[in-house]
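Below: one structure, written as structure tokens.
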Amino acid sequence: MAETQELPLIGKQIVLCVTGSIACVETVKLCHALRRRGAEVQAVMSQASCGLLHPDALTYATSRETITKISGHVEHVTYCGDGGTADLLLIAPATANTIAKIACGIDDTPPTTFVTTALGNSREKMPIILVPAMHEAMFRHPAILGHLSQLEKWGITVIQPRIEEGKAKIADTPTIVLACERACSTHTLAGSSVLITGGRCEEPVDDIRILTTRASGTMGTRLAYAAYRAGADVTLVHNGELLPSLPHLKTVHSTTAASMHAAVIDCISKNKPDIYISAAAISDYAPEQYSGKIESKEPQVTLTLHLLPKLLPRTFSFQIPTIVSFKLGENAREDAYQILMNTPEIAMIIANAANNMGGSSGTVHLLSRTKETTVHGSKEILADAIVAEISHIHKDNMIHGVS
């Protein structure tokens, strides 16, 4: 039974360039977060940032001496030059001044010298992520917006700031870490579009009450993150938390089964995905809705439930290359085999025990026509294992022309 997880950034070296925004105080937390995910982090600071955060703080956070000037060791070449050791260059926070310098090819600070070297690297292109942070008025400057557009054309990933309180604040740490994980991944789903449904549906009983399930939506969210890390364009149709504001990671909100049906069919009609993962706990029944509020003085209330149509069969006519579904219940594994035998449109089924719903971990069986794998662990471990198996199946489907 598989139950271990390799940290997404294990064995990866990230150079973190810190410039003179007050948001640099967040980089201590960022370094810790990257290292918890397995990364080795080397901090590089501008003199302006050293006036806001002492280099010793990042030396402590990284367990490596912080670089505050370029010396005879030509550190920028060691890490980011041809044959350099770094896997990713991360500029966080990036000030308006630094963004303008990078766009104009100016390198008069250690961070900008590292970026110039990375951009000129002749080997396979080194990933670069830039995370702006400044006052909102500065962020709106036409030149800054133009520079950011130019940097994106050069292949630099720009993580958009959070616009709050008149400031373009640095993106939150989990968002930055997720982007780093994608940049450093093997991209097994690169070029693929993935549509995922997750979470529960809520069917109104009256104007106050709903009929729903214990599903938390964690599995759908973790699947979205895992597919994103693997390089896919991801859309999650979901009743729950919003995904970070990142390129290629989108959320469509839905509440009822009807709205989820409509959202999924709309997404498929507009842009047919390569992979569809049906992980949502979509309502099987909906009650006849009472008008207003059922008064609590009623000694007994009878609900009439109506069977709802299934969403998954509706997707078959679109000929999506790889469809993956979940089966929940006490006999889920046995039922999944029967479904696979009789439903050629489905490539894989995840058999899931009922007591897994709403929990933070569990055991699932990954069933395809040629293989069965049992995985135990947190929802993140389960999602990573599921996406890894989907990657293999989808690759085989594309090789053999399945559609």
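Out of Gly191, Gly199, I need the residue that is in contact (Cβ under 8 Å) with a residue 40 or more places away in the chain, closer than 29 Å to Gly292 by Cβ and of a type outside the set (A, V, I, L, M, F, W, C). Which one?
Gly199
Check off (1) touching an Asp or Glu at 6+ places or on another chain (Cβ under 6 Å); (2) touching a residue at least 40 places away in the same chain (Cβ under 8 Å) for Phe326 and give me the number that stays unchecked.
Every condition holds for Phe326 apart from (1).
Before we move on, is Thr175 in a strand (DSSP E or B), in contact with a strand residue (DSSP E or B) (Cβ under 8 Å, 6 or more places away or on another chain) and hydroxyl-bearing (Ser, Thr, Tyr)?
The answer is no for Thr175.
I'd like to check something: does the stretch 143-153 contain any residue that is part of a helix (DSSP H, G or I), touching a Pro at 6+ places or on another chain (Cβ under 6 Å) and within 29 Å of Val387 (Cα to Cα)?
No; the residues of the stretch 143-153 include none that is part of a helix (DSSP H, G or I), touching a Pro at 6+ places or on another chain (Cβ under 6 Å) and within 29 Å of Val387 (Cα to Cα).
Return the residue satisfying two criteria in turn: it lies in the stretch 360-377 and is touching a residue at least 24 places away in the same chain (Cβ under 8 Å) and assigned to a loop (DSSP other than H, G, I, E, B), and of such residues it is surrounded by the fewest Cβ atoms within 10 Å (Cβ to Cβ).
Selected residue: Ser360.
This table checks each residue for (1) at pLDDT 95 or above; (2) on the phi > 0 side of the Ramachandran plot; (3) among the polar types (S, T, N, Q); (4) surrounded by fewer than 20 Cβ atoms within 10 Å (Cβ to Cβ).
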{"position": "Pro161", "(1), (2), (3), (4)": "yes, no, no, no"}
{"position": "Ala168", "(1), (2), (3), (4)": "yes, no, no, no"}
{"position": "Cys184", "(1), (2), (3), (4)": "yes, no, no, no"}
{"position": "Ser193", "(1), (2), (3), (4)": "yes, no, yes, yes"}
{"position": "Pro204", "(1), (2), (3), (4)": "yes, no, no, yes"}
{"position": "Ile208", "(1), (2), (3), (4)": "no, no, no, yes"}
{"position": "Thr212", "(1), (2), (3), (4)": "no, no, yes, yes"}
{"position": "Thr218", "(1), (2), (3), (4)": "no, no, yes, no"}
{"position": "Asp233", "(1), (2), (3), (4)": "yes, no, no, no"}
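Can you give me the number of residues within the stretch 331-352 that are among the acidic types (Asp, Glu) and either closer than 24 Å to Asp274 by Cβ or not in a helix (DSSP H, G or I) (or both)?
1
For the stretch 367-387, how many residues are under 14 Å from Glu6 (Cα atoms) and either of a type in the set (Asp, Glu) or not assigned by TED's automatic domain parsing to the domain that holds Met219 (or both)?
2
Is one or more of the residues making up the stretch 319-330 over 20 Å from Thr221 (Cβ atoms) and modelled with pLDDT under 90?
yes
Return the residues of the stretch 53-85 that are of a type outside the set (Ser, Thr, Tyr), under 14 Å from Thr19 (Cα atoms) and either in contact with a strand residue (DSSP E or B) (Cβ under 8 Å, 6 or more places away or on another chain) or buried (at least 17 other Cβ atoms within 10 Å of the Cβ) (or both); say none if nothing qualifies.
Listed by number, the residues that qualify are Leu53, Pro55, Leu58, Ile67.
The values are calculated or read from the model by the stated rules, or taken from the named source; none is laboratory data. In this text the structure is predicted, and so the values were computed from the model without any measurement. No Cβ is skipped: glycine too gets one built from the backbone with ideal geometry, and neighbour counts run over all protein chains shown.
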